[in-house]
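Report on the following structure.
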Amino acid sequence: MTSLFDTHAHYNDEKFDADREQLFADIITPNEVNPFGIGFILNCGTDIQTSRECIGLAEAHSFMRAAVGFHPHEASAYSVEARDEIMRLASSDKVVAIGEIGLDYHYDFSPREVQKQVFSDQLDLAEKLNMPVIIHDREAHGDVMDILSVHKNSFGIFHSYSGSGEMAKQVIKMGFYVSYSGSLTFNSAVNLRESVKYVPLDRLLIETDSPYLAPVPYRGKRNDSSKMYETLKKLAELKEIPIDELAKITSDNAKRIFGMVGAG
Ligand code: NI
């Protein structure tokens, strides 16, 4: 049976400090929460410090990879020096993507103009390195799409997708992958579930965003990769295909986008 690929997590978070290694041992093995087990996990950085932590985790665990970049929340701390350091970190063979990068107009922790500039600059960087990007888009769909439209060589993933079906069509047309998190299982996520039909099977991904966004019936609890089984189950139901088939498809898709075909 194919194990699952969690395309977005933050296991460097302090919420895992007490039991991180034990948890890893538990989730990579098939268990009662997730009969598939976890094959790979991508940890995503949000600034220099966390990007380094993600590389450290990937160096210590064969099933982990890292993404490095500045989250829109941290955009105000971005600089030419930071860019150089992200570029340097990206040369590690454990780093498979630039991220997470994007725009967050829900919290607006950094001014929007700064967010846009930092997003755009990191897209340039990813294009130069020919690496996929992990996009964080919260309540900023229009500007995210506008900025991507002028970065024609960028490719990658919309993480924890939250757009409409109409937007999914555009995202697919631009060559991007769509990754669904536990939010797909939330009661209120009617439009999100509707969007699934516009995403072809070969562009579908699943993720947790651990420790956040635990799917129903774990909503509100600390999330971990094994709970992603609930998201996979929901997605298989919406796509009307057997769950083990979708497990293999999503895992193969992740390996393709991250240049890991043949791994594990
Ligand atoms: Ni995240």
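The values are calculated or read from the model by the stated rules, or taken from the named source; none is laboratory data. In this text, all values refer to a predicted model and were calculated from it rather than measured experimentally. Here the Cβ positions follow ideal geometry from the backbone for every residue, glycine too, while neighbour counts run over all protein chains shown.
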(message) Can you pull out every residue in region 1-42 that is closer than 20 Å to Arg203 by Cα and within 15 Å of the ligand (Cβ to nearest atom)?
(response) Asp6, Thr7, His8, Ala9, Ile41, Leu42
(request) Under 6 Å between Cβ atoms, at least 6 apart or on separate chains: pull out the pairs that start in region 174-199 with a residue that is within 17 Å of Pro217 (Cα to Cα) and at pLDDT 95 or above and end on any residue that is among the charged types (D, E, K, R) and in a helix (DSSP H, G or I). (result) Leu184/Lys234; Thr185/Glu230; Thr185/Lys234
(request) Being charged (D, E, K, R) and under 23 Å from Ser160 (Cβ atoms) is the filter; apply it to region 53-87 and report the residue that is surrounded by the most Cβ atoms within 10 Å (Cβ to Cβ). (result) Arg65
(message) Go through region 38-47 and report how many residues are in contact (Cβ under 8 Å) with a residue 40 or more places away in the chain and under 24 Å from Gln115 (Cβ atoms).
(response) 4
(request) Please work out which residue is nearest to the ligand (Cβ to nearest atom), limiting yourself to region 192-249 and to residues that are more than 18 Å from the chain's Cα centre (by Cα) and of a type in the set (Val, Ile, Thr). (result) Val216
(request) Could you list, in sequence order, all residues of region 218-264 that are touching a Lys or Arg at 6+ places or on another chain (Cβ under 8 Å), surrounded by 19 or more Cβ atoms within 10 Å (Cβ to Cβ) and farther than 13 Å from Leu4 by Cα? (result) Lys234, Phe258
(message) For the structure I just gave you, tell me whether His106 is in a loop (DSSP other than H, G, I, E, B), in contact (Cβ under 8 Å) with a residue 12 or more places away in the chain, more than 16 Å from the ligand (Cβ to nearest atom) and at negative phi.
(response) no
(request) Give region 25-36 a look and list any residue that's touching a residue at least 60 places away in the same chain (Cβ under 8 Å) and surrounded by fewer than 19 Cβ atoms within 10 Å (Cβ to Cβ), or say none. (result) Asp26, Asn31, Val33, Pro35
(message) I'd like the full set of residues that are of a type in the set (Lys, Arg) and surrounded by 15 or more Cβ atoms within 10 Å (Cβ to Cβ), limited to region 135-190.
(response) Arg138
(request) Enumerate the pairs (first residue in region 249-264 and aliphatic (A, V, I, L, M); second residue anywhere and in a helix (DSSP H, G or I)) with beta-carbon separation below 7 Å, excluding pairs fewer than 6 apart on the same chain, so at least 6 apart or on different chains. (result) Ile249/Leu201; Val261/Lys255; Ala263/Lys255
(request) Mind counting the residues in region 81-102 that are closer than 14 Å to Ser154 by Cβ and assigned to a loop (DSSP other than H, G, I, E, B)? (result) 0
(message) For region 73-80, check the following and say yes or no: at least one residue is touching a residue at least 60 places away in the same chain (Cβ under 8 Å), of a type in the set (A, V, I, L, M, F, W, C), touching a helix residue (DSSP H, G or I) at 6+ places or on another chain (Cβ under 8 Å) and at negative phi.
(response) no
(message) I'm told Glu127 meets every condition in (1) crowded, with 19+ Cβ neighbours inside 10 Å; (2) in contact (Cβ under 8 Å) with a residue 24 or more places away in the chain except one. Can you identify the failing condition by its number?
(response) (1)
(request) Could you tell me which residue of region 119-146 is farthest from Lys173 (Cα to Cα), considering only residues that are aliphatic (A, V, I, L, M) and within 16 Å of the ligand (Cβ to nearest atom)? (result) Ala140
(request) Select from region 154-182 the residues that are within 16 Å of the ligand (Cβ to nearest atom) and within 13 Å of Lys197 (Cα to Cα) and list them in ascending order. (result) Val178, Tyr180
